[in-house]
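Asker: Would you mind keeping the following structure in view while I ask a few things?
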Amino acid sequence: MIPAMARAEGGAGVGSSPSSGTPRDPWAALGALCYPPRVNSSRGGFFIALEGIDGAGTSTQTRALAQRLIDDLGERVHMTCEPSRGPIGRMIREQLSAGAGAFNAETLALLFAADRLDHYEREIQPAIADGRVVISDRYVLSSLVYQSLECPAEWVETINARAPWPDLCVLVDLPWEEALARVARRRATSGEEKERYDEPDLQRRLAEGYGRARDAQRPGPIVTIDGGLTIDEVTERLFEAVRARLKA
Ligand code: TYD
């Protein structure tokens, strides 16, 4: 572990129209709810969510951004992730690699939403209240994009409507082909098992889902960073995006 990282807390891996008969567009309702931004914590803390398809680099960038905020700005940082490390998050992770016996899509969507509220109340909100910069590797936009593949988007929004929108939601944007190739390389070296969403067609549809949310800037503001840049360049852009908002 990089010594300064010890000051960062947390750390999972610290550190279509039905009436016309055309297929229903599952994304059409994305953004039907407008999430109010979290009541600003008067710089008591700041909440960042990093989002993107599998392989986009959110885990690497969570750590790298935390390190920059600690080293360059002296911030107190709390790193976290979803699924969370709490009881519901652990159950979800088991289910994601459970294959045929796994819970159905609706049950999983409810678990993701429950995990999120528990995560926010138990971990995120207290860290914000303590004045920390909280960086979550995935948050509510993941549910709106991933679970809307298999469940009605309006319903996914409804069950997530109590999750406060972060102060800064960043989409690390990478073409799905490239992201899939990265995941395949990682799996070849780590022996990681395949998970529920590790299929080319699903990754393509997930990338489209993130793209639609980004284009519509709904259900809340979404900042996009090109995930195809080098790791250091992505970190630099993230850092500048956060710094500008911390100063504001
Ligand atoms: P993640 O931990 O980012 O993947 P990895 O274990 O490869 O680092 O997330 C696990 C999977 O869960 C990922 O495929 C995305 C999915 N997911 C959802 O479907 N909905 C959600 O709300 C969240 C947070 C994750």
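Asker: So which pairs qualify, if the first residue must be in the range 230-243 and more than 13 Å from Gln67 (Cα to Cα), the second must be part of a helix (DSSP H, G or I) and among the small types (Gly, Ala, Ser), the Cβ gap must be under 7 Å, and the two must be at least 6 apart or on different chains?
Answerer: What qualifies is Ile231/Ala64.
Asker: Sort out which residues of the range 80-138 are β-branched (Val, Ile, Thr) and in contact with a Ser or Thr (Cβ under 9 Å, 6 or more places away or on another chain), and write them in order of number.
Answerer: In the first step, residues of the range 80-138 are kept if they are β-branched (Val, Ile, Thr); the result is 80, 88, 92, 107, 124, 128, 133-135.
Within the range 80-138, Thr80, Ile92, Ile124, Ile128, Val134, Ile135 qualify.
Asker: Next question. For Trp165, indicate whether it is closer than 22 Å to Phe112 by Cα, of a type in the set (A, V, I, L, M, F, W, C) and more than 11 Å from the ligand (Cβ to nearest atom). Show your work before the answer.
Answerer: Details: closer than 22 Å to Phe112 by Cα: yes; of a type in the set (A, V, I, L, M, F, W, C): yes; more than 11 Å from the ligand (Cβ to nearest atom): yes.
It is true that Trp165 is closer than 22 Å to Phe112 by Cα, of a type in the set (A, V, I, L, M, F, W, C) and more than 11 Å from the ligand (Cβ to nearest atom).
Asker: Could I ask something else about it? Which of the residues belonging to the range 86-108 are small (Gly, Ala, Ser), within 12 Å of the ligand (Cβ to nearest atom) and part of a helix (DSSP H, G or I)?
Answerer: Gly89, Ala105
Asker: Any chance the range 135-143 includes a residue that's among the acidic types (Asp, Glu) and touching a Leu at 6+ places or on another chain (Cβ under 7 Å)? So that I can check it myself, show each step before the final result.
Answerer: Keep residues of the range 135-143 that are among the acidic types (Asp, Glu), which gives 137.
Then drop every residue that is not touching a Leu at 6+ places or on another chain (Cβ under 7 Å), which leaves 137.
Within the range 135-143, one or more residues are among the acidic types (Asp, Glu) and touching a Leu at 6+ places or on another chain (Cβ under 7 Å).
Asker: Right, another one. Can you tell me how many residues in the range 111-131 are surrounded by 15 or more Cβ atoms within 10 Å (Cβ to Cβ) and either over 23 Å from Leu171 (Cβ atoms) or within 11 Å of the ligand (Cβ to nearest atom) (or both)?
Answerer: Total satisfying the criteria: 9.
Asker: Taking the stated definitions as given, is Phe47 assigned to a strand (DSSP E or B) and either away from the ligand (no atom under 11 Å from the Cβ) or touching a helix residue (DSSP H, G or I) at 6+ places or on another chain (Cβ under 7 Å) (or both)?
Answerer: Working: assigned to a strand (DSSP E or B): yes; either away from the ligand (no atom under 11 Å from the Cβ) or touching a helix residue (DSSP H, G or I) at 6+ places or on another chain (Cβ under 7 Å) (or both): yes.
It is true that Phe47 is assigned to a strand (DSSP E or B) and either away from the ligand (no atom under 11 Å from the Cβ) or touching a helix residue (DSSP H, G or I) at 6+ places or on another chain (Cβ under 7 Å) (or both).
Asker: Against the definition (under 22 Å from Ser97 (Cα atoms), more than 14 Å from the ligand (Cβ to nearest atom) and modelled with pLDDT under 95), how does Ala248 come out, yes or no? Working first, answer last.
Answerer: Working: under 22 Å from Ser97 (Cα atoms): no; more than 14 Å from the ligand (Cβ to nearest atom): yes; modelled with pLDDT under 95: yes.
When the stated conditions are applied, Ala248 does not pass them.
Asker: Please report, ordered by residue number, the helices (runs of 4 or more DSSP H) entirely within the range 132-248 with at least 2 residues that are more than 17 Å from the chain's Cα centre (by Cα) and surrounded by fewer than 21 Cβ atoms within 10 Å (Cβ to Cβ).
Answerer: Values: elements: 140-146, 153-159, 176-190, 200-216, 231-247.
The qualifying helices (runs of 4 or more DSSP H) are 153-159, 176-190, 200-216, 231-247.
The values are calculated or read from the model by the stated rules, or taken from the named source; none is laboratory data. Keep in mind it's a predicted model, so treat the numbers as computed, not measured. No Cβ is skipped: glycine too gets one built from the backbone with ideal geometry, and neighbour counts run over all protein chains shown.
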